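To start, the structure itself, in structure tokens.
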Amino acid sequence: MSEQYEVVIAGGGHNALVLACYLAKAGVKVCVLERNEKAGGGVMTREYTLPGFKHDTHSVAHTLIQGNPLMRNDELGLKSKYGLQYVNPEKMTAAIYEDGSILKFFSDIDRTCDAIAQFSQHDADAYRAFNEQVFKTLDMLVMGMFSVPPTSGVQAAMLDQSVEGRELLRTEAISSWDLISEWFEHPKVKIALARYASEAMTNPFDNGTGFGFYIILPYMYRYGTGVPVGGSWALTEALLKCLADHGGEIRTSSTVAKILIEGQEARGVVLDSGEEIRATKAVVSSLHVQQLFPDMVPGVTLPEGFERSVKRLKYASIQPFQIHMALNEDPKFDVAEDINDFFWIEKSHSDEEEFARAFRDLEYGYPRRDFACYVSQHKVDPTRVPPGKGALHLYGFAPYNLKDGGPAKWDDVGREVYEGFVEDLRGMTTNMGDDNILGYNFLTPLDLERHDNAMKHADIGHIGLYSWQLGGNRPVPGWGQYKTPVPKLYMCGASTHPGSGVTGGSGRNAAQVVFEDLGLDFEAVTG
């Protein structure tokens, strides 16, 4: 006899767990099904190299979730009851240019403006003015991230009612680079800011990416960087404790093969083993929308144009190449000594044309070694490494489809790309010989897709953060409110608003929709 729950959730990423925790807290009998042996999806920490060295698979900071009422109001007790802690680095980012000059970003705006002024007083003044302008609308934008979005037409009509709203519509439509160029003038400053924008895994020169730059730095100043103590998985661990505490269940190593459809409604799921797990009230998918539709809903008649809209979704144009290192001591960069204390150090371009060309090379399948970030979470969270040791998370940009070989070619060239990144690091430091590297692991874009098959095309945000794939248009126009064309089948996860990153937003937003349909009081659970 098949097992039965009130709500079954396919996929065990952090948004799915957020949704499950709200449901369980409301007394709903809920079960989460996760393909891997460990829940968390991209919110994952593993000892990839040696025991005692905690390396994050994807997210190294949980910035966006800091503005979520889930965290601000501690609605699930993740911090007060289940031990979740965050710290914020004072020294955020140091960009090293080819000529040895350095641009530093701090958690303090005044210090950052002073650093920018060494390159351009105009840009220092503009940086302060830009942040102050965004602060005026930031509360509204954050509220929109953590609410069920209106349709794109309704949102456009609402924004069209004010000067500020019309400016936001324009900001969404243009490129991050265009927005940056309207405010700033020095090439090095512009490039450093565009690198912040590119962390959305999109080419900052592409139209439809302006919002990615508009919000990220002011958001960090308002809410903090949010480095989880103990590793990225600390969030997952707290959610799992909360879920268990409220009677919810999770089954790992359980791959959902399809949605159980009866009478054109979702009635549960079927695992790849053939086992049926039934849901009396709702099924929720946190998988990639292209995994779900159409293959996982056999026999369902989808609305006209829906399947076409799903098929033509645009992936992010950049994918990660990750290297984890266990070190005897931290890298010592051979420029200004004080940058070794920074949480995030990156090599940076100085020339705008070369900077733009490098992104296009990635899009055409040519690996580049000049997009490399050297992240050291343990500098603000010493629990990540054994006493007296160092570590490094090297985060590079890479193509998914390699020229003349596609993604499968990564199995042949992955080591060569790894060695290239390490060679460059050695050229920038004084102590990164073999004797300092105690252990290492690298993950190509193909490896990352294999780890989490919801990250199709190695897109860590499922689909690109372009203006036409945001808000009520995510995943597709007309279906951006967490419901699907299949009755009793809902979606959450990165395919839905607010999209990529550790936000907890789609989990909390989808919970509000499911609660309403089930006749439950969401405020009674969050109050």
Inset, instruction - Among DSSP beta bridges lying fully in the chain, give the percent that are antiparallel, nearest 5. - result: 65
Inset, instruction - Treating the Cα atoms of segment 89-217 as identical point scatterers in vacuum, please give the log10 of the normalised Debye intensity I(q)/I(0) at q = 0.11, 0.15, 0.23 Å⁻¹, two decimals. - result: -0.42, -0.75, -1.50
Legend entry - Cβ-defined net charge surrounding Tyr214, 13 Å radius [Lys, Arg +1; Asp, Glu -1]: -3
Inset, instruction - Run down the lysines and flag those whose C-alpha is under 21 Å from the C-alpha of Lys311, throwing out any fewer than 8 positions away in its chain. - result: Lys258, Lys456, Lys483
Inset, instruction - Can you pull the one-decimal nm distance between simple spin-label points at Lys79 and Asp295, each 7 Å off the Cα toward Cβ? - result: 4.1
Legend entry - Vicinal HN-Hα couplings computed from phi for segment 478-494 (Karplus, 6.51 cos²θ - 1.76 cosθ + 1.60; Hz; Gly/Pro x): x, 9, x, 10, 6, 8, 10, x, 9, x, 6, 10, 10, 10, 9, x, 5
Inset, instruction - For every other residue with a beta carbon closer than 13 angstrom to the beta carbon of Lys258, add +1 if it is Lys or Arg and -1 if Asp or Glu, then tell me the sum. - result: -4
Inset, instruction - Any chance you could check the Cα centroid distance between segment 381-442 and segment 13-68 for me, in angstrom? - result: 25
Inset, instruction - Would you mind checking Lys347/Lys379; Lys79/Lys488; Lys25/Lys281 for any pair whose Cα atoms are more than 27 angstrom apart? - result: Lys79/Lys488
Legend entry - Cα long-axis angle, helix 14-25 against the chain (0 to 90 degrees, to the nearest 10): 40
Inset, instruction - May I ask you to list the aspartates and glutamates whose Cα is less than 15 Å away from that of Lys409, ignoring any residue fewer than eight positions away on the same chain? - result: Asp447, Glu449
Legend entry - Anchor Lys81: aspartates and glutamates whose Cα lies under 17 Å away (excluding residues fewer than 8 positions away in-chain): Glu237, Asp245
Inset, instruction - Report, to the nearest 10°, how far helix 163-173 tilts away from the longest principal axis of the Cα atoms in the chain, using its own Cα long axis and a range of 0 to 90°. - result: 80
Legend entry - For Ala458, net neighbour charge (Lys/Arg +1, Asp/Glu -1) across residues whose Cβ lies under 10 Å away: -2
Legend entry - Relative contact order (%) - segment 263-317, alpha-carbon pairs under 8 angstrom, separation at least six: 25
Legend entry - Rounded, prolate or oblate (a/c below 1.5 giving rounded, otherwise prolate when a/b exceeds b/c) for segment 396-527 by Cα gyration tensor: prolate
Legend entry - Which of Thr93, Thr429 has the fewest Cβ neighbours within 10 Å, and the rest in rising order: Thr429, Thr93
Inset, instruction - Under 1.5 on a/c is rounded, so check that first for segment 1-96, then, if it is not, pick prolate when a/b is larger than b/c and oblate when it is not; a ≥ b ≥ c are the square roots of the alpha carbon gyration tensor eigenvalues. - result: oblate
Legend entry - Cα shape, segment 178-336, gyration tensor, a/c 1.5 rule: oblate
Inset, instruction - Using Cα pairs closer than 8 Å and at least 6 residues apart in sequence, work out the relative contact order for the chain, in percent. - result: 25
Inset, instruction - Any chance you could give the angle, 0 to 90 degrees and rounded to 10, that helix 505-518 forms with the longest Cα principal axis of the chain? - result: 10
Legend entry - Residue (of Ala279, Ile216, Gly248) at the positive-pole extreme of segment 168-303, dipole from beta-carbon charges: Ile216
Inset, instruction - Provide Arg357, Arg35 in ascending order of the number of other Cβ atoms located within 10 Å of each residue's Cβ, fewest first. - result: Arg357, Arg35
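None of the figures in this text is laboratory data; all of them are computed from the coordinates on show. Small disclaimer: the values here were computed from a predicted structure and weren't measured. Positions of Cβ are backbone-derived with ideal geometry, glycine not excepted, and every protein chain shown enters the neighbour counts.
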